[in-house]
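Quick notes on the structure that follows.
The values are calculated or read from the model by the stated rules, or taken from the named source; none is laboratory data. The structure presented is a predicted model; accordingly, all values stated were derived computationally and were not measured. As a convention, Cβ positions derive from the backbone with ideal geometry for all residues, glycine included, and neighbour counts pool all protein chains shown.
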Amino acid sequence: MSDGSSREGAAGMGAGRVCLIGAGSSGIAAAKALYERGIDFDCFEKSDRIGGNWVFENKNGMSAAYRDLFINTSRPRMEYSDFPMPESYPDFPHHSQIAAYFEEYVDRFGFRERIVFETGVEHAGLQPDGSWSVRLDTGETRPYDALLVANGHHWNPRWPEPAFPGSDTFEGLQMHAHSYVDNSIFEGKRVVVLGMGNSAMDIAVESSYVAERTYLAARQGVWIIPKYVFGKPVDQLRNDPRVPFKVRQRFIQGLVRSYAGPPERYGLPKPGHRFGEAHPTISGRILDRIQHGTIAPKPNIAALEGETVRFEDGSEVQADVVVYCTGYKITFPFFDEQLISAPDNHIELFRRVFHPDIANVAFIGLLQPLGAIMPLAEAQGAWVGDYLLGDYALPPREQMLADIRADQEAMRRRYVASKRHTIQVDFDDYLHDLASERRAGAARARARGYLPPAQCRPSAATTAS
Ligand SMILES: Cc1cc2nc3c(=O)[nH]c(=O)nc-3n(C[C@H](O)[C@H](O)[C@H](O)COP(=O)(O)OP(=O)(O)OC[C@H]3O[C@@H](n4cnc5c(N)ncnc54)[C@H](O)[C@@H]3O)c2cc1C
Ligand SMILES: NC(=O)c1ccc[n+]([C@@H]2O[C@H](COP(=O)([O-])OP(=O)(O)OC[C@H]3O[C@@H](n4cnc5c(N)ncnc54)[C@H](OP(=O)(O)O)[C@@H]3O)[C@@H](O)[C@H]2O)c1
């Protein structure tokens, strides 16, 4: 219970029947929270296994993992709070170790049988009585009282918008980072990698070992953070949410500068922002590869023509491959667009989880932390579990809307305007704020007698089935 009190028969009061979409690292964290609370749920997973993005060559076709993908958030940051990764793991494990860790998590806590594998949710529709009707790709339709969405947000590639002039007639290969597998396709080739996020860093570095030439094109500069400072993974530096952000910002920016100097020194564009105002680009290798002369920085692409890529400074190179590391779209293919969608990655949820107008839908892992997603998804799962049981009550709608507005405004003020900065959170701050919101909501729940929200109680549709 979020407030530390134990209430007899809380589960018996009924959270109704819950549908959970996805058994990636966010979905399994939520599934554990529901399972532990005795909430009746089905977790539908398209794939034949758990782990989502972390399953290389996942048969769901949605994973962006490449053969040599290693995490860039360190092991202690990424692990769930009650299930440490094995001591034998390195600081930044390989995707295969991460996927194995998720498998072990599900078995350790014993809820594997609640996951329905190789079953996709095709459509989730809100019914007039407030329940959900969920159509599966098996053809079956099932009624649910509440819906939890953990379908991931790094699987639907965002290609450059609008497409570059000449991209329809370019003679080389154009691909998105999402379909990158390994650097064998770059052998002896001239490769242009576009973007300054973590995909671009990894792919440019991998290309630089085998390609004839690798160019790294960017439309704006970023601060590149090393994986280690003071001999420790950078994300394990003390980051106290009680210290004002500006103070923490100055400290980290000073560290990054003292490590590498300004990005311009490497021929990269000067960042137009300060540290912490863009999603962090973490790479221990990119600056070396640039300084070894194996990667040539370039400004943004202006146009493609035949085999030529022209950049915004007028320079041109011949290229066999262009890799667009231009990010992802937040998409919910199972919702009618007018019900819930995220145009330009924009979606307004209370603390990234609750829809202010639909009481029985919640989103898990739909956030982009400066830090790892998993412990945040774990906290969200527990929060939603409490909510479904009536142990937590949301604030009134007007208060949620005001909170969302304030949050959107703070994000707009802080972050570089970009479709990749619409669901940002600071890891430690988010956990800290969530804990205090859970305490406040537990007090509200106590005051109203621990009643689960009406829409989450078993509906006629469910009880009849
Ligand atoms: C290349 C890359 C590297 C990354 N590295 C890191 C990192 O180091 N640290 C970090 O914290 N984050 C990293 N991320 C972010 C990544 O989003 C998270 O690590 C993590 O995968 C999020 O888990 P998830 O469960 O939310 O989504 P996913 O891992 O995408 O899992 C979603 C699951 O939902 C299932 N699903 C989707 N739709 C349906 C449906 N309709 N019906 C049934 N099932 C469905 C999918 O099959 C999948 O199993 C990285 C992302 C990428 C692309
Ligand atoms: N090793 C790892 O752990 C690892 C590896 C890869 C990815 N990841 C994670 O996966 C997620 C996605 O990362 P990502 O790098 O694929 O995407 P991303 O973070 O969204 O970065 C996209 C990049 O492409 C640029 N871009 C977008 N549209 C463009 C356009 N039309 N023209 C020119 N540039 C354009 C963006 O620039 P603007 O900033 O100007 O928009 C940004 O630099 C992140 O969470 C990341 O941390 C982790």
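Of note:
- Some residue of the range 78-92 being touching a Phe, Trp or Tyr at 6+ places or on another chain (Cβ under 6 Å) and touching a residue at least 40 places away in the same chain (Cβ under 8 Å): yes
This table checks each residue for (1) within 12 Å of ligand 1 (Cβ to nearest atom); (2) surrounded by 16 or more Cβ atoms within 10 Å (Cβ to Cβ).
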{"site": "55", "(1), (2)": "yes, yes"}
{"site": "62", "(1), (2)": "yes, yes"}
{"site": "68", "(1), (2)": "yes, no"}
{"site": "86", "(1), (2)": "no, no"}
{"site": "98", "(1), (2)": "yes, yes"}
{"site": "107", "(1), (2)": "no, no"}
{"site": "114", "(1), (2)": "no, yes"}
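- Of the residues in the range 165-187, at least one is surrounded by fewer than 19 Cβ atoms within 10 Å (Cβ to Cβ), farther than 30 Å from residue 381 by Cβ, within 13 Å of ligand 1 (Cβ to nearest atom) and small (Gly, Ala, Ser).
- Pairs meeting the criteria (first residue in the range 192-206 and on the phi > 0 side of the Ramachandran plot, second residue part of a loop (DSSP other than H, G, I, E, B) and of a type in the set (Val, Ile, Thr), beta carbons under 7 Å, at least 6 apart or on different chains) are 195/326.
- Only one of the numbered conditions (1) buried (at least 21 other Cβ atoms within 10 Å of the Cβ); (2) in a loop (DSSP other than H, G, I, E, B) is not met by residue 128, and that is (1).
- For residue 360, the requirement of being within 26 Å of the chain's Cα centre (by Cα), on the phi > 0 side of the Ramachandran plot and in contact (Cβ under 8 Å) with a residue 60 or more places away in the chain is not met.
- Consider the range 147-164 and keep the residues that are within 16 Å of ligand 1 (Cβ to nearest atom) and among the hydrophobic types (A, V, I, L, M, F, W, C). The one that is surrounded by the most Cβ atoms within 10 Å (Cβ to Cβ) is 148.
- Taken together, the residues in the range 34-81 that are within 16 Å of ligand 2 (Cβ to nearest atom) and not in a loop (DSSP other than H, G, I, E, B) amount to 8.
- Enumeration of residues in the range 1-33 that are in a loop (DSSP other than H, G, I, E, B) and modelled with pLDDT under 50: 1, 2, 3, 4, 5, 6, 7, 8, 9, 10
- Among the residues of the range 199-212, not a single one is at pLDDT 95 or above, within 23 Å of the chain's Cα centre (by Cα) and in a loop (DSSP other than H, G, I, E, B).
- Take the conditions (1) in contact (Cβ under 8 Å) with a residue 60 or more places away in the chain; (2) more than 9 Å from ligand 2 (Cβ to nearest atom); residue 177 misses just one of them, which is (2).
- Test: residue in the range 347-368 that is over 28 Å from residue 336 (Cβ atoms) and not hydroxyl-bearing (Ser, Thr, Tyr): no
- Whichever residue in the range 188-198 is more than 8 Å from ligand 2 (Cβ to nearest atom) and under 27 Å from the mean Cα position of the chain (by Cα) and, among such residues, is surrounded by the most Cβ atoms within 10 Å (Cβ to Cβ): 193
- Qualifying residue in the range 413-421 (condition: buried (at least 19 other Cβ atoms within 10 Å of the Cβ), of a type outside the set (Asp, Glu), in a loop (DSSP other than H, G, I, E, B) and away from ligand 1 (no atom under 12 Å from the Cβ)): no
- Residue in the range 230-245 that is charged (D, E, K, R), more than 20 Å from residue 199 (Cβ to Cβ), more than 16 Å from ligand 2 (Cβ to nearest atom) and at pLDDT 95 or above present: no
Matching residues to (1) within 22 Å of residue 368 (Cα to Cα); (2) among the hydroxyl-bearing types (Ser, Thr, Tyr); (3) more than 16 Å from ligand 1 (Cβ to nearest atom); (4) in contact (Cβ under 8 Å) with a residue 24 or more places away in the chain:
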| site | (1), (2), (3), (4) |
| --- | --- |
| 220 | yes, no, yes, yes |
| 230 | no, no, yes, no |
| 234 | yes, no, no, yes |
| 274 | yes, no, yes, yes |
| 286 | no, no, no, yes |
| 299 | no, no, yes, yes |
| 304 | no, no, yes, yes |
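- Residue satisfying condition, being surrounded by fewer than 20 Cβ atoms within 10 Å (Cβ to Cβ) and within 22 Å of the chain's Cα centre (by Cα), within set 241, 297, 269, 262: 241
- Residue check for residue 384: buried (at least 23 other Cβ atoms within 10 Å of the Cβ) and assigned to a strand (DSSP E or B): no
Per-residue answers, yes or no, for (1) part of a helix (DSSP H, G or I); (2) crowded, with 23+ Cβ neighbours inside 10 Å; (3) touching a Lys or Arg at 6+ places or on another chain (Cβ under 8 Å):
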residue: 347; (1), (2), (3): no, no, no
residue: 352; (1), (2), (3): no, yes, no
residue: 357; (1), (2), (3): no, no, yes
residue: 379; (1), (2), (3): yes, no, no
residue: 391; (1), (2), (3): no, yes, yes
residue: 401; (1), (2), (3): yes, no, no
